[in-house]
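Student: Please find one structure pasted underneath; my questions will follow.
The values are calculated or read from the model by the stated rules, or taken from the named source; none is laboratory data. Keep in mind that what you see is a predicted model, and the values were worked out from it rather than measured. A quick note on method: Cβ atoms are made from the backbone with ideal geometry, for glycine too, and the neighbour counts reach across all protein chains shown.
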Amino acid sequence: MKSLIIERYGDISAFKIKEMPVPTVTKNQVLIRVSHAGLNPIDYKMREGKLRLFNPLRFPQIMGSEVSGVVEEIGDEVTKFRKGEFVYCRLDKDRMGGFAEFVSANEDIIALKPETLDFATAAGVPLVGLTAWQVIYDHAHLSRDNKILVQAGAGSVGFIASQLAKRIGAHVFTTVSDRGIHIVEEIDVDHVINYKTQDLDRFKNNFDVIFDTVGEQTLINSMKLLKREGRIFSISGIPTPNTADYMGYNTFCKVLFWFASYKLRKLAKSFDGSYEFVFMKPDGNQLEIIAKLIDKKELKVRQVREFHFEEHHFAFRLLESGEARSKLVFKIGDNFP
C-alpha cells in the first residue's frame, strides 16, 4: 500500500512515499481503508524527534495520526463496527500510520463519522475535537457562569472549544486577529478580543479558566489574567507531572516534566493560579458524541484545505510556517462515496 514514511528523524526531506505492507488486524482491531488523513503539528514534531524521549519511533515509521475512511475488515471480537461503515478516529500515540491507504486501530478509539460531513472534513475533526472536549470537560470541569478565555478562537481547536464552553453556560471570551474575526462570528461567544488592537491587560484577574492553544509568550502573558485560584490549561506549553500520570508515562518522564514545567507552574502560582498541560487521548466514545453534536447542528467545525498525497512537502511547509488558515488534510484513497 502507498504510505508516507520516515526512516530517520529530520526535516521535511525525511518524508518519502513508499510501498508498505497492509497491516493485519488483531481480535479487537478494525482495518480502515483510508479516504483522508489530517495533518497536525504533532506529526512534524515527532518527525523532528522532539518527542523521542518518551515516545520514540520505530523506523520505518508511517506517519499520520487521524483519519476518515471505510471499515475494510474487523477482528474476531469486534462488536461495534461492520464492514463498509464510514468511520473516523484519532490513532493511538504509539501507533500512528494514518498517512497510508490502510490503517488498523483498536475499536474503542473509532467512531462512525458524522453523517453530515464529507470524508475530507471529517478527517480534520478527531484531534481538534477530542482536544477541545477533554480540556473543557475532563480537565477544566467548567461550570455555568465561569469566565473562560480561549486563546486563538479562530483556530481549529479554539473554534470547537469555544462552542463547547458556551454549551455549558460559561461566559466565553476569545482572542482573534483581524483575519479571524469573521470566523468566530459564526459561533456564539460573549466577547471577541482582537489582540492586535485591544490591550489584554484590561482583563487582568478576570478569568476562572484560560485555554491556551498558542504557547510561548502568549501563555506567559495569560497568567496575569487569571482570577485567584484560576486555572490555565495549555496544549502548546511544557508538559506537567500530571501529564505523565494521565498518559501512563514512566516515573522518569514524570520527574523530567516536573523540572521542565517548574517555571511555568511557579509563575501561575505567583498569580494565585495553577498551570496544567493537556495531552489528548484517543477516545471513540467521545468522538461518537462529537459526531452526534455535529449532525444535530449543535457543533460547527472549520472547513479544511485538501492536498493530494504527493503534495506532502508543500502541505507540511505550509503547516510548519504557521500560515495555514484552515485545517489541512491529505486525500489518500480513491473511489469513496
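Student: Which condition from (1) outside any helix (DSSP H, G or I); (2) in contact with a strand residue (DSSP E or B) (Cβ under 6 Å, 6 or more places away or on another chain); (3) under 22 Å from L319 (Cβ atoms) is the one that S104 breaks?
Tutor: Every listed condition holds for S104 apart from (3).
Student: Looking only at the range 237-246, count every residue that is farther than 12 Å from Y275 by Cβ and buried (at least 16 other Cβ atoms within 10 Å of the Cβ) and tell me the total.
Tutor: Pass one, the range 237-246, residues farther than 12 Å from Y275 by Cβ: 244-246.
Add one more test, that the residue is buried (at least 16 other Cβ atoms within 10 Å of the Cβ), and what stays is 244, 246.
Summing the residues that are farther than 12 Å from Y275 by Cβ and buried (at least 16 other Cβ atoms within 10 Å of the Cβ) in the range 237-246 gives 2.
Student: What is the residue count in the range 303-333 for residues that are touching a strand residue (DSSP E or B) at 6+ places or on another chain (Cβ under 9 Å) and part of a loop (DSSP other than H, G, I, E, B)?
Tutor: Looking only at that region, the number is 6.
Student: Within the range 248-270, can you find the residues that are of a type outside the set (G, A, S) and surrounded by 16 or more Cβ atoms within 10 Å (Cβ to Cβ)?
Tutor: Here is the first cut: in the range 248-270, the ones of a type outside the set (G, A, S) are 249-259, 262-267, 269.
Across the range 248-270, the qualifying residues are Y249, C253, K254, L256, F257, L264, R265, L267.
Student: Residue by residue through the range 38-65, note down the ones that are within 21 Å of I235 (Cα to Cα) and either crowded, with 19+ Cβ neighbours inside 10 Å or hydroxyl-bearing (S, T, Y) (or both).
Tutor: G38, L39, N40, I42, D43, Y44, M46, R47, M63, G64, S65
Student: On to the next question. From the residues in the range 263-302 that are more than 24 Å from N242 (Cβ to Cβ), of a type in the set (D, E) and not in a loop (DSSP other than H, G, I, E, B), which one is farthest from the chain's Cα centre (by Cα)?
Tutor: The selected residue is D295.
Student: Please work out which one of (1) in contact with a Gly (Cβ under 7 Å, 6 or more places away or on another chain); (2) free of Cβ contacts under 8 Å to residues at least 60 places away in the same chain; (3) surrounded by 20 or more Cβ atoms within 10 Å (Cβ to Cβ) is the condition S68 fails and give its number.
Tutor: Going through the list (1) in contact with a Gly (Cβ under 7 Å, 6 or more places away or on another chain); (2) free of Cβ contacts under 8 Å to residues at least 60 places away in the same chain; (3) surrounded by 20 or more Cβ atoms within 10 Å (Cβ to Cβ), S68 breaks only (1).
Student: Are any residues in the range 43-83 at positive phi and out of contact with any strand residue (DSSP E or B) (no Cβ under 6 Å at 6 or more places or on another chain), and if so, which ones?
Tutor: G49 - this is the single residue of the range 43-83 that is at positive phi and out of contact with any strand residue (DSSP E or B) (no Cβ under 6 Å at 6 or more places or on another chain).
Student: To continue, here is another question. How many residues are outside any loop (DSSP other than H, G, I, E, B) and among the polar types (S, T, N, Q) when one looks only at the range 175-216?
Tutor: The total comes to 2.
Student: Name the pairs whose Cβ atoms lie under 7 Å apart, with the first residue in the range 28-56 and not assigned by TED's automatic domain parsing to the domain that holds V71, the second among the aromatic types (F, W, Y) and assigned to a helix (DSSP H, G or I), and 6 or more positions between them or separate chains?
Tutor: none
Student: Can you confirm whether L225 is farther than 18 Å from G158 by Cβ and assigned by TED's automatic domain parsing to the domain that holds H139?
Tutor: Working: farther than 18 Å from G158 by Cβ: no; assigned by TED's automatic domain parsing to the domain that holds H139: yes.
Spelling it out, it is not the case that L225 is farther than 18 Å from G158 by Cβ and assigned by TED's automatic domain parsing to the domain that holds H139.
Student: What number goes with the only condition from (1) of a type outside the set (K, R); (2) farther than 21 Å from A165 by Cβ; (3) free of Cβ contacts under 8 Å to residues at least 40 places away in the same chain that F309 does not pass?
Tutor: (3)
Student: Would you call V172 more than 19 Å from Y275 (Cα to Cα) and in a loop (DSSP other than H, G, I, E, B)?
Tutor: No; evaluated as a whole, the condition is false for this residue.
Student: Scan the range 94-103 residue by residue and report those that are closer than 25 Å to Y246 by Cβ and touching a residue at least 24 places away in the same chain (Cβ under 8 Å).
Tutor: Selection gives D94, M96, G97, G98, V103.
Student: Looking only at the range 178-192, which residues are surrounded by 13 or more Cβ atoms within 10 Å (Cβ to Cβ), free of Cβ contacts under 8 Å to residues at least 40 places away in the same chain and within 23 Å of the chain's Cα centre (by Cα)?
Tutor: Passing the criteria: G180, I181, V184, V189, V192.
Student: Another question, then. Report the residue count in the range 71-93 for those that are in a strand (DSSP E or B) and either without any contact (Cβ under 8 Å) to a residue 60 or more places away in the chain or over 17 Å from M247 (Cα atoms) (or both). Even if it seems obvious, please write down each step before you answer.
Tutor: Step one: list which residues in the range 71-93 are in a strand (DSSP E or B), which gives 71-74, 86-90.
Retained after the next criterion (residues that are either without any contact (Cβ under 8 Å) to a residue 60 or more places away in the chain or over 17 Å from M247 (Cα atoms) (or both)): 71-74, 86-89.
Number of matching residues: 8.
Student: Further question on the same structure: With respect to F233, determine if the residue is buried (at least 21 other Cβ atoms within 10 Å of the Cβ), in the same structural domain as K16 (by TED's automatic domain parsing) and either at pLDDT 95 or above or more than 22 Å from the chain's Cα centre (by Cα) (or both).
Tutor: no
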